[in-house]
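No lab work stands behind these numbers, since they all come straight from the coordinates. The shown structure was predicted, so the numbers you read here are calculated from the model rather than taken from an experiment. Here the Cβ is made from the backbone with ideal geometry for all residues, glycine too, and neighbour counts use every protein chain on show.
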Amino acid sequence: IRLKARTDELAGQLRVEKAEAEAARRAAEAASRAKTQFFAAASHDLRQPLHAMSLYVEALQQRPHEPEVAALVQGVDASVRALDELFGELLDLTRLDSGGIEPRPRPLAMQPLFARLRLHFEPLAEHKRLVLRFHGAQHAAFADPVLVERVLHNLLGNAIRYTEHGGVLVACRRRGGRLLLQVWDTGVGIDAQHLPRVFDEFFQVRGMVPALQRRGLGLGLAIVRRLGVLIGSEVRVCSRPGRGSVFSLSLPLRQGAALPEQTEKV
Ligand code: ADP
């Protein structure tokens, strides 16, 4: 009888602990939702005056200026753009969280996608004297082109930002009935203790790059992870501190070819 009473007591305790854990999980989810909603509302409202500022900057740029003044105007222009990008990321995150983005898979040739990425990122890579390479442009997949481009845009932007020497490679190849897409860099890398958290919202590894070079809020990879879910691929990362990182995802090759992703390590 005593044993039965003790078992009942333990079972009751377990139920209370389970209920408490569930309540804590719900509270954390509600807090996270409230946080993103607040940022979405704030970024939407802050974007309006920002757009007005960019019009003023444009008007200023069309007038002749002394070189020093022109440089200052260019500085304001860059800051306005950076802010606009940040607010855009906050809005993206909420749209993704509220299920407001519907994937539209279709045939996707890598060649034009790589060409657009090269056009966008080459000036930045050249400025940092980094080699920027693309491999496997002959391949094609079946996925939403806009979402895949946004993922690669984010990963490539990070790869260049967190690399000081060497270069960055965007590579794709067939593996296990899917198209494996990878962004390699020879940058600062990510410490093993931080790896599990890099896809969390607002997570940034402090001290990896000088504060001035930091740009984001730690939302880029949180967006990438959600885009990956919509595309139907987990985005994975392998990294060696001081050596570099590789971010990978995989796409179906053709319509209806939704073979499960391989879990093999990259
Ligand atoms: P951020 O806006 O800070 O770049 P992200 O969500 O894109 O936010 O990345 C989160 C953090 O992960 C970054 O602050 C950085 O510390 C780390 N990180 C992301 N990509 C790389 C990379 N290619 N190499 C090294 N560290 C990276």
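Structural remarks
- Peptide ranges 28-35, 83-90 listed from the most packed, as the mean C-beta count within 10 angstrom indicates: 83-90, 28-35
- Contact order normalised by residue count of the chain, Cα under 8 Å, 6+ apart, percent: 17
- Around the amide H of SER233, modelled in the peptide plane, lies no amide H under 5 Å away from a residue 5 or more places distant or on another chain.
- J(HN,Hα) series, the range 188-204, from Karplus relation 6.51 cos²θ - 1.76 cosθ + 1.60, nearest Hz, glycine and proline x: 5, x, 10, 4, 3, 5, 8, 3, x, 10, 5, 8, 7, 5, 6, 8, 9
- Relative contact order (percent, whole number), the range 73-167, Cα cutoff 8 Å, 6+ residue spacing: 33
- Gain in span if fully extended, ARG81 to GLU17, counting 0.36 nm per residue against the direct Cα distance: 18.2 nm
- When peptides 171-184, 3-16, 145-158 are sorted by average Cβ neighbour count within 10 Å, with the highest value leading, the order is 145-158, 171-184, 3-16.
- Averaged over residues, the count of other Cβ atoms within 10 Å places the peptides 64-70, 133-139 in the sequence 133-139, 64-70, highest first.
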